[in-house]
Amino acid sequence: MGARNGADNKMASATESTKARRQRLHIERQRQLRSKQRSAYTTLLREVAGLEVALATLVAEPRGGGGPAILRWQDVARALQDARDDSVGENRMLQRRVHATETLLQQLHAWVSRRVPMSLDATGRTWRDTTLLGSPEARQMGKAWITSRMHMQAARVFYTHGFPTTLNDPFFDTTVEHRTIQSRCQLTIPLPMDVLVGMYRHHLCEITCLDLSLADIEARQFPVQTSVVEITETTALHQVIRRHRSQGHRLDEVIHMLVGVSRTNDDRAVVVATTILEDAVALIGDRAAMIQRPFHAWYEFHRVSEWSTHMRSVIVFGIAQRHHKPLAWAEEAHVWDAAMSSSDAAASAAGDATTTESVLDARRNQQIQRGVTRIADTAYMRGESIVAKFLQGQAGIAC
C-alpha cells in the first residue's frame, strides 16, 4: 500500500515538472515573438521616415533638366480614365460616322437606281448638277459635287466662249438665240478682290437682278437684301421669288441658286453659280406651280492691285420651264413684258410654217434682248448700293 502511494507521488511530480517546463517554453517563445515584432515595427518606422524625407527632398528640388515630374497615383489614375473616356467617345463617333455613311450610300443608290439613265454624257449636264437631296450628308456631298464640277469646267468655258488671252481688253456683250441668253463680260473693277468675291457669294441674286421682275424695274423698286438660306464654308444657297406682272397677268418664278467659291491662290478666285431645279427640302412655300429657269455662271477674279481686280464672266440663261418642261412663249412673254402681237398671231396662222416660226423666233429674241438690256442697265445702277450694303454687313460682323 505504501509502495503504491509513493509511485503515485512520483508520477504527479513528473507531470507537474513537464507542465512547468512547457509553460516556461511558451513564455519564452512569446517574449521572442514580441521582441521580433517590436524590432520589425521599429525598422518599418525608420523606413517610412526615410522615404518621407526622400520624397520631401525630391518634391522640393527644382527640375532643371526637363526631367520627368513625379505624379501622384491619383493623377495617373485620372489621366488613364480620361484617356479611356476619350477612346470610348471616339469609338462612338466612328460608329455614328459609319452608320451615316451607310445611310448616305443607301439613299444615293436608291436615287441613282430610279433616276439615272443607262447612258450618260460625260460633258453634258445631268441630274447631279441640278439636284439636292434631303439628308444633311447627301446635301453637303451634292453641293460639293456641283460646285467642284463647275470649277473644273471654268477654263474650258472661257475658252469655248472666245475670251481673249489678254486680260486688259474690256468688253461686254449679250446674245439671244432661241430664247436662250448668253452674256460675256471682261473688265477691271476698282475694288479689292476679297470684297468682290464676298459680294458675289452673298448677293449674286441682287447683282444679276434675278430678284427683280421687269415690273419691279419699271416701278424702280430695288430692295437690297440677302437671299441666302443655307451657307457653308465654300458655298451659299440662295432663294428668291420673282413676281412677273404684265398686261393683267401674273407669273411667279422661283430662283433657287447654289453659289460656290474656289481660290487657286491669293491672287485668283473663281465663283460659280447654278440653279437647283429639284430640291428635296422645300425652303420657301409650295414651288410646284412656279416656273424655274436654268442658270449657269462662271466668274473669274484676278488681283491687279490692293484696290483693283480684273473680272471676266460667262452667264447662260435657259428657257423658263415648269415641271421640267419648257414654258410656252404665250406664258414666258409675260416675263419679258412682250405678249404676242396681232401681227404675230396672223403670221402664225398663215404661210409656210418653217418661215413663220423663224420670223417669230427672231421677234421673240428681239423682245428678250430689250428686256435683258433694261436688266443690265439696272444692274449697273444698282451696283453701288450693293457694295455699300455688303460692306456694312461685313463691318457689323467685325464688330
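Observations, loosely collected:
- The helices (runs of 4 or more DSSP H) falling completely within the range 169-287 that include 3 or more residues that are buried (at least 20 other Cβ atoms within 10 Å of the Cβ) map to 193-202, 204-207.
- Scanning the range 156-168 turns up at least one residue that is surrounded by 14 or more Cβ atoms within 10 Å (Cβ to Cβ), within 24 Å of Ala320 (Cα to Cα) and modelled with pLDDT of 90 or more.
- Test: residue in the range 318-336 that is in contact with a His (Cβ under 6 Å, 6 or more places away or on another chain) and farther than 22 Å from Ile207 by Cα: yes
- Test: residue in the range 143-151 that is over 30 Å from Gln107 (Cα atoms), surrounded by 12 or more Cβ atoms within 10 Å (Cβ to Cβ) and at pLDDT 90 or above: no
- Applying the set (1) buried (at least 16 other Cβ atoms within 10 Å of the Cβ); (2) modelled with pLDDT under 85 to Val387 leaves exactly one unmet item: (2).
- Options Val261, Val271, Val229: the member that is in contact with a Gly (Cβ under 8 Å, 6 or more places away or on another chain) and not charged (D, E, K, R): Val271
- Test: residue in the range 360-368 that is surrounded by 12 or more Cβ atoms within 10 Å (Cβ to Cβ), in a helix (DSSP H, G or I), over 30 Å from the mean Cα position of the chain (by Cα) and at pLDDT below 80: no
- Beta carbons closer than 8 Å, at least 6 apart along the sequence or on distinct chains, pair a first residue in the range 189-216 that is closer than 15 Å to Lys389 by Cα with a second that is acidic (Asp, Glu) for Cys205/Asp211.
The values are calculated or read from the model by the stated rules, or taken from the named source; none is laboratory data. A quick note: this is a predicted structure, and the numbers were derived from the prediction, not measured. Because the Cβ atoms are built from the backbone with ideal geometry, glycine has one as well, and the counts that use them run over all protein chains shown.
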